[in-house]
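Have a look at the structure below before the remarks.
Rule-based calculations on the coordinates, nothing more; no lab input. Values in this document were obtained by computation on a predicted structure and should not be read as measured data. Quick reminder, even Gly has a Cβ in these numbers, built from the backbone with ideal geometry, and neighbours come from all protein chains shown.
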Amino acid sequence: MKVLIVGGGGREHAIAVSVRKSKRVSELYCVPGNAGIAKIAKTEPIKVSEFDKIADFAVEKGIDLVIVGPDDPLVGGITDVLTKRGLRVFGPNKAAAILEGSKAFSKDLMKKYNIPTAAYETFDNADEALKYLETAPVPIVLKADGLALGKGVLICNTREEAKAGVKELMLDKKFGSAGNKIVIEEFMTGREVSVLAFVDGKTVKPMSSAQDHKRAKDNDEGLNTGGMGNFSPSPFYTEEVDKFCKEHIYQATVDAMRAEGREFKGVIFFGLMLTEKGPKVLEYNARFGDPEAQVVLTRMKSDIIDVMEACIDGRLSETDVEFYDNAAVCVILASDGYPLSYEKGFKITGLEKFEGKDDYYCFHAGTCFDSDGNVITNGGRVLGITATDATLKGARAKAYEATSWVDFKNKYMRTDIGKAIE
Ligand code: AMP
Ligand code: GLY
């Protein structure tokens with residue numbers, strides 16, 4: 001069959017590698033892709049926001065399955081547009097993608113259906129938010145309602161910081177209309193775990209767990225980023241936690257969406273905090289995580305195409321979703337200065353060292369070709385160096401070893417990804 005992937009980051013490269021493992025796939029396309037994806041798929045420079053152009057391209061190529069990677073097009077309704085054109089799409093429709101598109105929606109859903117999460121209030125008026133903060137306990141968390149590249153969350157240690165945050169989000173509109181409404185919520189402490197799950201509208205099958213490292217610098221210092229590296233599985237995600245989440249969080253969420261007339265088909269990313277009072281939902285995403293996909297999909301045993309088609313057709317309960325009993329670690333090589341300002345356009349060397357190795361992966365995020373065909377840096381997160389091994393410790397050692405195989409000007413990485421597992 002012919003498959004088209006929409007997106008061009010490390011997550012989409014990981015999805016592409018996984019799709020390539022399926023014997024059922026004869027041709028693979030990706031829009032817009034990147035320099036790494038171009039090695040295993042035919043790429044076409046169409047932006048993920050150009051829904052009609054993507055639809056035209058997919059119809060023209062006779063695509064049998066479209067897989068949508070990023071949040072923006074999903075929340076914007078790409079699945080509805082492509083479906084109307086007769087295409088089969090893996091990814092939630094607009095009505096369901098609101099689970100990620102509006103934090104106020106997802107918090108209200110959790111409250112209505114008793115899904116454990118932090119206590120919160122929603123505000124669409126800055127004066128009222130400021131008044132609430134006069135007496136609210138600190139630390140406290142502010143969240144822009146809409147999409148903000150994973151950066152619309154402010155953890156405020158003092159009331160002054162929180163008030164400045166309200167101004168930033170609601171009055172200065174740092175994240176544009178995403179801050180028209182904000183959620184102010186209780187600060188939770190505990191260990192964070194990400195669990196991605198396949199969903200067919202009724203049935204939910206979780207993938208193996210992962211742990212992200214969101215801050216830019218070692219020891220979880222510096223600014224929040226899209227993710228600087230991660231590992232899978234998380235040793236802190238015990239059987240007891242899994243049992244609780246399956247019952248009170250995963251199935252409850254899928255049932256709640258159905259009850260609301262927003263049947264969810266695709267991947268739900270559950271961002272969880274393992275608090276003293278049990279697991280609670282930090283956030284939902286309506287897609288694979290980036291870089292969670294890099295460590296989770298490299299460990300997936302089942303054919304990803306079989307599973308995705310089962311989600312679309314509502315047959316997930318009859319379909320196996322299996323993972324190898326191994327571990328994976330991903331270390332992001334970024335451009336120094338990310339997530340603020342950074343330079344790009346530098347030549348990347350050493351990429352060939354990953355060829356022919358099936359336990360080392362170099363997933364491309366921000367890369368492209370220059371006019372001479374060299375691979376150059378083209379973003380904040382450049383590469384996701386990933387390794388698998390029988391143990392987390394082994395995978396960590398291999399991933400860090402492989403970070404030295406490639407080089408580019410202003411290469412930056414955290415040195416403590418997965419340190420907690422040593
Ligand atoms: P989110 O985009 O909602 O996952 O938030 C980004 C990050 O902010 C999370 O991964 C947590 O590290 C942190 N965070 C979000 N909400 C809370 C909360 N209620 N308490 C503590 N930390 C939080
Ligand atoms: N790594 C976090 C995310 O994909 O949102």
For segment 142-185, what relative contact order do you get, as a whole percent, if you take Cα pairs closer than 8 Å and at least 6 residues apart? 55 percent
Euclidean distance of C-alpha centroids, segment 241-272 and segment 356-397, integer Å: 32 Å
Normalised per residue, the volume inside the convex hull of the alpha-carbon atoms of segment 323-375 in Å³ amounts to 118 Å³
Tell me which aspartates and glutamates have Cα within less than 18 Å of K167's Cα, excluding those fewer than 8 residues away on the same chain? E121, D124, D127, E128, E134, D145, E185
Which order, highest average first, do 17-28, 332-343 follow once you tally other Cβ atoms within 10 Å for each residue and take the mean per peptide? 332-343, 17-28
Take the Cα atoms of segment 94-142, build their convex hull, and give its volume per residue in Å³. 98 Å³
How do 376-383, 219-226 rank on mean C-beta neighbours within 10 Å, highest first? 376-383, 219-226
What does the charge dipole of the chain about its Cα centre add up to, to the nearest 20 debye, if the Cβ of each Lys and Arg holds +1 and the Cβ of each Asp and Glu holds -1? 340 debye
Per 20 Å bin from zero, what fraction in whole % of the C-alpha pairs of the chain is there, up to the bin with the longest pair? 27, 61, 12, 0
Please compute the Kirkwood hydrodynamic radius over segment 279-325, one decimal place, Å, based on all pairs of different Cα atoms. 12.2 Å
Looking only at aspartates and glutamates whose Cα falls under 12 Å of K23's and that sit 8 or more positions away or on another chain, we get D303, D306
Between H13, I98, M110, whose Cα lies farthest towards the positive end of the dipole of the chain when Lys and Arg beta carbons carry +1 and Asp and Glu beta carbons carry -1, centred on the Cα centre? H13
Compactness of segment 206-359 - radius of gyration and Dmax, Cα, Å: 17.8, 52
Normalise the Debye intensity by I(0) for segment 1-129, one equal point scatterer per Cα, no solvent, then take log10 at q = 0.15 Å⁻¹ and round to two decimals. -0.72
Taking just the alpha carbons, could you work out the radius of gyration and Dmax for segment 302-422, both in angstroms? 17.2, 49
Please compute the Cα-Cα pair-distance distribution of segment 34-94 with 5 Å bins starting at 0, giving whole percents from short to long. 4, 19, 30, 27, 15, 5, 0
Distance violations [Cα-Cα > 22 Å] among K94/K181; K205/K243; K344/K419; K205/K419: K344/K419; K205/K419
When the C-alpha atoms of segment 125-214 are aligned to their principal axes, what extent does each axis show, in angstrom, from largest down? 43, 28, 24
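Counting only C-alpha contacts under 8 Å and six or more residues apart, can you give the relative contact order of segment 304-422 as a whole percent? Working shown, then result.
On the way: 204 pairs, mean separation 39.5, N = 119.
Relative contact order here is 33 percent.
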Just the Cα atoms of segment 138-295, one point each, no solvent: what log10 I(q)/I(0) does Debye give at q = 0.16 Å⁻¹? -1.01
Placed amide H near F346: partners under 5 Å, 5+ positions off or other chain: T377
Distance violations [Cα-Cα > 23 Å] among K61/K353; K174/K277; K214/K246; K103/K173; K61/K301: K61/K353; K174/K277; K214/K246; K61/K301
So for segment 169-240, Kirkwood radius off the Cα pairs, Stokes-Einstein at 4 °C and 1.567 mPa s: how many µm² s⁻¹? 84 µm²/s
Ordered by packing density, taken as the mean number of other Cβ atoms within 10 Å over each peptide's residues, highest first, how do 255-262, 78-85 rank? 78-85, 255-262
For the pair E221 and A119, the simple spin-label estimate (label points 7 Å beyond Cα toward Cβ) gives in nm 3.4 nm
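As a test of the formula, what do you get for the chain when each DSSP H run with n ≥ 4 contributes -39,500 (n - 2.57) and the sum is divided by the residue count, at 222 nm and rounded to the nearest 500 deg cm²/dmol?
Working: 13 runs with 115 residues, N = 422.
Helix contribution divided over all residues of the chain: -7500 deg cm²/dmol.
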